[in-house]
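One structure is given below, encoded as structure tokens.
The values are calculated or read from the model by the stated rules, or taken from the named source; none is laboratory data. The shown structure was predicted, so the numbers you read here are calculated from the model rather than taken from an experiment. Quick reminder, even Gly has a Cβ in these numbers, built from the backbone with ideal geometry, and neighbours come from all protein chains shown. SASA here: full protein model, heavy atoms, side chains in, ligands and nucleic acids out. Shrake-Rupley method; radii C 1.70, N 1.55, O 1.52, S 1.80 Å.
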Amino acid sequence: MAVDPRYTELELSAVQEIANIGTGNAATALGMLVGRQIDIGVPSVELVPLAEAAERIGPLEATVAAVLTPVRGDAPASLLLALPMPSAEVLCGLLGTDANSELGHSCLQEIGNILTGSYTTALVGMTGLALEPEPPLLAIDMLGAVVDTVLAMSAADADTVLFLQTAISIEGAECSFGFLFVPQDAAVDTLLRALGVA
Amino acid sequence: MTGTRHMVRMAEQVVSANCDDVLVSLGLGSCIGLALVDDAVGVAGLVHIVLPQAPAAGAGAASAKFADTAVPSLIDAVTRAGARAARLRAVLCGGAHMFGNAGTSPVMQIGARNAEATMDALNAARISVRGKDTGGSSGRSIEVHVANGDVLVRGVGQQARKL
């Protein structure tokens, strides 16, 4: 069974490039939506024991608005936006809605849709794989609780989990959040082969 | 002895016989927090279960990760720490379905499958269940007080409830 370290430096930097391009595309789409400049941090590739994974994303009991988009196809994965509640409120405010209303919830799902759609498009362009995002799902709850299922999927057969994390913030607004790409266990190898490094 | 708050993270198990200790798992979604306590001797254990079944071919994976291996492993650990199997009481929480309307995708049913597999393993080991708060669509945190075997469960913005 695979154990850490599962991947070479070259493989990890190839994976990081996915996040660079995917998040860049997603940020452009978000910028057009809110009419502001979007800042994206340097994406980090996290390859950590399952026990440490959730706390790498944020404080486990913090309330977040999480938009999960399962991605089906050649390399099954999850894309997850995790917005701390104050950031979710600011983002909905920029779009003229309230994060705690039904309209606000649809709005957050739509943002998830746009970001994950553009991320997936970039990923398909880079790899030539067939990938299809499903409709986004929203949960407002503890961070730990909304990430455990997707982390579980990534670590079914291994004790380490690999995911890509990027911090996104909206210029001139108190709004920043995490954008995660979590490939399922076997999907990492598929991605690496498609990128030509495995 | 001074007490410690032990964080029991995904696929981890902690057992304590120190009556000042508190065992904690924060933000359980589809995962299960399973506590086994023997309050007659002040021994308790908490395991953070992630998935229902260990893969068939000995994966060498952490036994705490899977319900079917985590339950026997925790029973073994608490009895080695001084608990008597016949006196053990189980309290479990978690197994939620966090993202509503996820349809029939088996991936999304993990919470329910985790809860079921944990109950099956407890029944197989003839451990009686004192309290259970599983399912639903909200996250939970669990806190086990070794001193008196109290188990507290709390959701977002809720008061802790004793199980």
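Cβ under 11 Å from A:Arg193's Cβ, A:Arg193 left aside: what net charge do those residues give with Lys, Arg +1 and Asp, Glu -1? List each step's numbers first, then the result.
Details: positive: none; negative: A:Glu11, A:Asp74, A:Asp189.
The answer is -3.
Roughly what angle does helix B:67-80 make with the longest principal axis of chain B, taking Cα atoms, 0 to 90 degrees, to the nearest 10?
For helix B:67-80, the angle is close to 0 degrees.
Using only Cα atoms, find the angle between the long axis of helix B:110-124 and the longest principal axis of chain B, and express it within 0 to 90 degrees, rounded to the nearest 10.
40 degrees
How big is the convex hull of the Cα atoms of the protein assembly as shown, per residue, in Å³? Provide the component values of the computation, followed by the final result.
Details: hull volume 48.3 nm³, N = 361.
Convex hull of Cα atoms, per residue: 134 Å³.
So, in Å, what gap is there between the alpha-carbon centers of the stretch A:124-198 and the stretch A:12-36?
So the separation of the two Cα centres works out to 13 Å.
With all protein chains present, how much of the accessible area of the stretch A:1-136 (probe radius 1.4 Å) comes from carbon and sulfur, to the nearest whole percent?
Numbers: 3230 of 5910 Å².
Heavy-atom surface of the stretch A:1-136 belonging to carbon and sulfur, 1.4 Å probe: 55 percent.
Could you compute how much accessible area chains A and B hide from each other, both sides summed, with a 1.4 Å probe? Nearest 100 Å² is fine.
On the way: alone 8800 and 7950 Å², together 14350 Å².
Accessible area lost upon association: around 2400 Å².
So what are the stretch A:120-183's ellipsoid semi-axes, whole angstrom, largest first, if each one is the square root of 5 times an eigenvalue of the alpha-carbon gyration tensor?
Working: eigenvalues 99, 78, 32 Å².
For the stretch A:120-183, the ellipsoid semi-axes come out as 22, 20, 13 Å.
Mean Kyte-Doolittle hydropathy of -1.0 or higher plus an axial Cα length of 20 Å or more: which whole DSSP H helices in chain A meet both?
On the way: long enough: A:9-34 (37 Å, 0.73); A:102-127 (37 Å, 0.39).
Span-like helices in chain A: A:9-34, A:102-127.
Any chance you could check the stretch B:4-36 for residues losing 20 Å² or more of accessible area when the partner protein chains are in, compared with the chain on its own (1.4 Å probe)?
Residues shielded by partner chains are B:Arg9, B:Met10, B:Leu26, B:Gly27, B:Ser30.
Can you give me the P(r) profile for the stretch A:78-155? Cα pairs, bins 10 angstrom wide beginning at 0, each as a whole percent.
Histogram of Cα-Cα distances, whole percents per bin: 17, 42, 31, 9.
Restricting things to Cα coordinates, could you compute the convex hull volume per residue of chain A in Å³? Provide the component values of the computation, followed by the final result.
Working: hull volume 19.4 nm³, N = 198.
Enclosed volume per residue, from the Cα hull, is 98 Å³.
Take the Cβ-Cβ distance between B:Val41 and B:Glu116 as r, set R0 to 45 Å, and report the resulting FRET efficiency rounded to the nearest 0.05. It would help to have the intermediate numbers written out before the result.
Numbers: r = 30 Å, r/R0 = 0.67.
E between B:Val41 and B:Glu116, to the nearest 0.05, is 0.90.
So for the stretch B:1-56, Kirkwood radius off the Cα pairs, Stokes-Einstein at 10 °C and 1.306 mPa s: how many µm² s⁻¹? Provide the component values of the computation, followed by the final result.
Working: Rh = 12.1 Å.
My calculation gives 132 µm²/s for D.
What is the ratio of the Cα radius of gyration of the stretch A:40-102 to 2.2 N^0.38 Å, with N the residue count, to two decimals?
Values: Rg = 14.5 Å, N = 63, 2.2 N^0.38 = 10.6 Å.
Normalised by 2.2 N^0.38 Å, the Cα Rg of the stretch A:40-102 equals 1.36.
Return the inverse of the average 1/r over all pairs of distinct C-alpha atoms in the stretch A:92-198, which is the Kirkwood hydrodynamic radius, in Å to one decimal. Working shown, then result.
Values: mean 1/r = 0.0630 Å⁻¹.
Answer for the stretch A:92-198: a Kirkwood hydrodynamic radius of 15.9 Å.
Need the full-extension length gain, A:Asn20 to A:Met126, defined as separation in residues times 0.36 nm minus the C-alpha distance. One decimal, nm.
Working: separation 106, 0.36 × 106 = 38.16 nm, distance 1.15 nm.
That works out to 37.0 nm of additional length.
Mind checking the per residue accessible area of the protein assembly as shown for me, 1.4 Å probe, whole number of Å²?
For the protein assembly as shown, the solvent-accessible area averages 40 Å² per residue.
Counting only protein heavy atoms and a 1.4 Å probe, tell me what percentage of chain B's accessible area is made up of carbon and sulfur. Provide the component values of the computation, followed by the final result.
Numbers: 3350 of 6760 Å².
Ligands and nucleic acids excluded, carbon and sulfur reach 50 percent.
Determine the relative contact order of chain B: mean sequence separation of Cα pairs under 8 Å and six or more apart, normalised by residue count, in whole percent.
Working: 427 pairs, mean separation 45.1, N = 163.
Averaging sequence separation for qualifying contacts and normalising by length gives 28 percent for chain B.
For chain B, what are Rg and Dmax over the alpha carbons, in angstrom?
14.8, 50
Which residues of the stretch B:130-157 end up with at least 30 Å² less accessible area in the presence of all protein chains than when their chain stands alone, using a 1.4 Å probe?
Buried-area filter returns B:Val156.
State, as an integer percentage, the relative contact order of the stretch A:1-139 based on alpha-carbon contacts under 8 Å between residues 6 or more apart. Could the numbers behind the result be given before it?
Details: 168 pairs, mean separation 42.5, N = 139.
Worked out over the stretch A:1-139, it gives 31 percent.
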